[in-house]
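Written below as structure tokens is the structure these notes are about.
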Amino acid sequence: MLAKRIIPCLDVKEGRVVKGVEFVNLRDAGDPVELAYAYDVQEADELVFLDITASHEKRDIILEVASRTAEKVFIPYTVGGGIRGIDDMRSLLESGADKISINTAAVKNPDIITEGAERFGSQCIVVAIDAKRKEESGKRKEERGNKDMKSKDSFPLSDSRFPSYKWEIYLNGGRTPTGIDAVEWAKKVEALGAGEILLTSMDRDGTQDGYDIPLTKAITGAVNIPVIASGGAGKLEHFLEVIVEADADAVLAASLFHYGDLTVRQVKEYLKENGIEVRL
Amino acid sequence: MIAIIDCEIGNLRSVQKAFEAIGKEARITDSIQTIEGAQAVVLPGVGAFKDAIDSIRQKGLDKAIMNIIDSGIPFLGICIGLQLYATESDEGGKQTGLDIIKGRVVRLPDIVKVPEMGWNRLNVRKDCPIFKDIPETAYFYFAHSFYIVPEETDVIAATTDYGLEYVSAVWKDNIYGVQFHPEKSGKWGLKMLENFAGLAESRD
């Protein structure tokens with residue numbers, strides 16, 4: 001059977017990894033290709049490069065990263081961040097990337113999903129969704145002035161107690177609300193030809209409190225394409241939980257791996273001990 | 001030299017770099033002369049079946065492919081490259097393929113998540129030389145929505161279990177095809193490419 005995937009994510013700015021990475025002795029810990037190779041050795045199943053370069057003039061640097069990675073790393077990798085159109089996708093795929101992740105461009109022009117899928121195949125087109133929970137009333141949390149929603153107690157994992165949960169998608173790295181419902185958007189991107197969803201919980205991202213189970217479950221239950229869960233990984237149990245309870249096909253983490261709190265191999269061994277199929 | 005046929009889709013460069021990593025010279029080309037002069041030929045591909053077959057026909061490469069297959073030179077189809085062997089495909093309306101392997105290409109059923117994306121194993125059905133010295137426990141990387149259903153079972157080199165058991169590799173004489181991406185399948189993928197390249201060298 002298909003193995004569950006463990007995916008480290010590298011934030012890359014102007015060709016350099018921006019979040020500190022301390023887990024291995026590398027000649028150059030800021031070089032995304034060196035890091036990608038190190039994760040390949042750790043038996044990561046896939047990699048995501050998220051390009052956060054702001055300047056348009058320096059956008060081509062990520063192409064060089066994708067291109068050098070192809071010479072050294074023989075597992076699949078996705079490149080996302082700042083992709084505007086078919087030409088950007090083509091350049092990255094020709095450099096050696098396997099998949100392209102689109103977020104803002106897909107919301108602004110959903111046809112780009114279909115164009116990309118028709119030209120390069122659905123399996124190349126990942127739609128990244130950054131989702132944030134709304135309160136039962138349908139309002140955003142900040143509109144109700146509740147500052148404490150990130151604390152664990154006020155955010156129970158049992159979705160059966162909160163059947164009316166809704167999530168809104170955000171753009172520009174979580175800065176811009178859209179008013180679009182995350183579940184409806186997930187169904188739409190599947191219908192348009194997306195081959196995979198990279199789902200980030202903005203409520204959980206950076207908290208290490210665990211993946212967002214209700215959100216992930218709502219999305220995996222709504223679509224028939226693979227879903228990568230992202231945001232909130234803090235310990236081994238979190239990976240198992242989102243796979244078993246929310247049917248995630250893959251799990252993504254960044255700082256947890258970068259700072260060496262856990263290795264990819266440790267996560268895989270733990271999952272295997274708990275009856276989950278992984279590539280080891 | 002190994003020729004990688006350029007049908008203007010997808011991950012040609014990744015395949016080339018994988019061969020280079022195992023010390024084999026590989027050239028991306030659409031020159032009939034170069035392809036026919038190669039020790040081994042690879043038909044790679046991601047993308048759409050129709051674009052791939054149209055590109056091959058426009059460049060007159062379909063005849064070159066037939067010549068290579070008749071001459072006994074080792075030939076490897078990867079992903080769409082394997083699917084192009086079929087008589088026809090359901091992808092993008094009904095499309096005709098190269099008809100090298102009798103059969104059709106069909107979509108994965110909706111009882112499973114489509115595309116199949118990730119690492120899966122093979123049940124190798126016979127002593128296929130490209131899988132020599134690769135353990136049963138090895139995983140390979142898949143990213144596809146369609147698969148081949150050959151008419152004759154004796155061309156099946158491997159199957160894969162994904163809620164259904166489908167054909168993930170074919171082998172007929174000098175013709176090999178794999179649904180997964182050996183160039184993205186870590187060390188066992190490289191080993192498979194090495195086995196394939198070795199077939200060319202054993203002919204010299």
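The values are calculated or read from the model by the stated rules, or taken from the named source; none is laboratory data. Just so you know, these numbers come straight off a predicted model, no measurement behind them. A quick note on method: Cβ atoms are made from the backbone with ideal geometry, for glycine too, and the neighbour counts reach across all protein chains shown.
Structure above, values below:
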| item | result |
| --- | --- |
| Candidate set: the range A:94-117, residues that are away from chain B (no Cβ under 11 Å) and of a type in the set (A, V, I, L, M, F, W, C); chosen: the one surrounded by the most Cβ atoms within 10 Å (Cβ to Cβ) | A:Ile102 |
| Hits in the range A:52-93 - residues which are under 19 Å from B:Gly47 (Cα atoms), surrounded by fewer than 17 Cβ atoms within 10 Å (Cβ to Cβ) and either touching a strand residue (DSSP E or B) at 6+ places or on another chain (Cβ under 7 Å) or within 12 Å of chain B (Cβ to nearest Cβ) (or both) | A:Arg90 |
| Selected residue (criterion: nearest to the chain's Cα centre (by Cα)) from residues of the range B:143-153 that are away from chain A (no Cβ under 14 Å) and in contact (Cβ under 8 Å) with a residue 12 or more places away in the chain | B:Ile148 |
| Residue list for the range A:186-216, restricted to those being free of Cβ contacts under 8 Å to residues at least 60 places away in the same chain and of a type in the set (A, V, I, L, M, F, W, C) | A:Ala186, A:Ala191, A:Ile213 |
| Failed condition for B:Ala169, given (1) surrounded by fewer than 19 Cβ atoms within 10 Å (Cβ to Cβ); (2) in a strand (DSSP E or B) | (1) |
| Index of the failed condition, A:Gly30 passing every other in (1) without any contact (Cβ under 8 Å) to a residue 24 or more places away in the chain; (2) touching a helix residue (DSSP H, G or I) at 6+ places or on another chain (Cβ under 8 Å); (3) assigned to a loop (DSSP other than H, G, I, E, B) | (2) |
| Within the range A:180-236, considering residues that are within 17 Å of the chain's Cα centre (by Cα) and at positive phi, the one nearest to the other protein chains (Cβ to nearest Cβ) | A:Gly231 |
| Set B:Ile2, B:Ile22, B:Ile56: member being crowded, with 18+ Cβ neighbours inside 10 Å, out of contact with any strand residue (DSSP E or B) (no Cβ under 6 Å at 6 or more places or on another chain) and either modelled with pLDDT under 95 or more than 20 Å from B:Phe146 (Cβ to Cβ) (or both) | B:Ile56 |
| Some residue of the range B:168-178 being β-branched (Val, Ile, Thr), more than 24 Å from B:Gly23 (Cβ to Cβ) and away from every other protein chain (no Cβ under 11 Å) | yes |
| Output for the range B:181-204, where each listed residue is within 11 Å of chain A (Cβ to nearest Cβ) and part of a loop (DSSP other than H, G, I, E, B) | B:His181, B:Ser185 |
| Candidate set: the range B:123-142, residues that are within 15 Å of the chain's Cα centre (by Cα) and more than 12 Å from chain A (Cβ to nearest Cβ); chosen: the one nearest to A:Arg279 (Cα to Cα) | B:Phe131 |
